[in-house]
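The values are calculated or read from the model by the stated rules, or taken from the named source; none is laboratory data. As the structure is a computational prediction, the values presented were derived from the model and not from experiment. Cβ placement follows ideal geometry from the backbone for every residue including glycine, while neighbour counts extend to all protein chains displayed.
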Amino acid sequence: MGFWKSLFTTSEVTSASQQTASAGYLAEAPTADSAARIFFSTDRAIDLYELEELCDAVGWSRRPIRKVRKAIQNSFLVITMWEQQGNRKRLIGFSRATSDHAFNATIWDVVVHPDSQGKGLGKALMKQLIKKLRSEDISNVTLFADPDVVNFYKQLGFMPDPEGIKGMFWYPD
């Protein structure tokens, strides 16, 4: 089954996760380590210094914490990915989307810790993000990708410049 088609099949969320949905719990991802549990959340109460450490781990430029907080608060959707081993919980993935709340959403800041890359977890994070956007009846999903991750998004069904539409950007001098 293809990535996009899988978003429209029955929910993968178990009854246990449905019971905790009010806490922002979405679903679990399979993991090879039986002692570890990977789960997704929409809870925005994120330790911003932990998020900064995650972004540092992948080599992203530092952003002012106050602006990161504001970006999260003003996002339409935030999905985080966590690894839990015993009582220890660690942020290993983050993504967010802005939207007009009707037709369009743009995905921003998709990041997966280097220790968790190459295990299908980035794909699982994107699947949760798009699934949630589709459940809100958002049908046009866009993103901006660095050249080194374009193929990752192509594998998920994203197309560069569909229908010849050219993005334009304005930056202050």
Review point. Mind checking which residues of segment 131-173 are charged (D, E, K, R) and on the phi < 0 side of the Ramachandran plot?
Key: 131, 132, 134, 136, 146, 148, 154, 166, 173
Review point. For segment 83-103, how many residues are of a type in the set (Phe, Trp, Tyr) and either modelled with pLDDT under 95 or surrounded by fewer than 18 Cβ atoms within 10 Å (Cβ to Cβ) (or both)?
Key: 1
Check your understanding: Within the bounds of segment 140-151, is there any residue that is touching a strand residue (DSSP E or B) at 6+ places or on another chain (Cβ under 9 Å), assigned to a helix (DSSP H, G or I) and of a type outside the set (Gly, Ala, Ser)?
Key -> yes
Check your understanding: Considering only residues of segment 72-89 that are over 20 Å from residue 127 (Cα atoms) and charged (D, E, K, R), which is nearest to the chain's Cα centre (by Cα)?
Key -> 89
**Study point:** Filter result for residue 127 (assigned to a helix (DSSP H, G or I), of a type outside the set (A, V, I, L, M, F, W, C) and more than 23 Å from residue 57 (Cα to Cα))
**Key:** no
Point to revise | Count of residues meeting criterion [among the hydrophobic types (A, V, I, L, M, F, W, C), closer than 20 Å to residue 84 by Cα and touching a strand residue (DSSP E or B) at 6+ places or on another chain (Cβ under 7 Å)] in segment 32-73 | key: 9
Exercise for review: Take the residues in segment 56-97 that are assigned to a strand (DSSP E or B) and among the aromatic types (Phe, Trp, Tyr), then tell me which one is farthest from residue 131 (Cα to Cα).
Suggested key: 82
Study note, to complete from the structure: The condition of being surrounded by fewer than 16 Cβ atoms within 10 Å (Cβ to Cβ) and closer than 21 Å to residue 52 by Cα holds, among 137, 146, only for 146
Check your understanding: Quick check, is residue 158 assigned to a loop (DSSP other than H, G, I, E, B), more than 18 Å from residue 54 (Cα to Cα) and free of Cβ contacts under 8 Å to residues at least 40 places away in the same chain?
Key -> yes
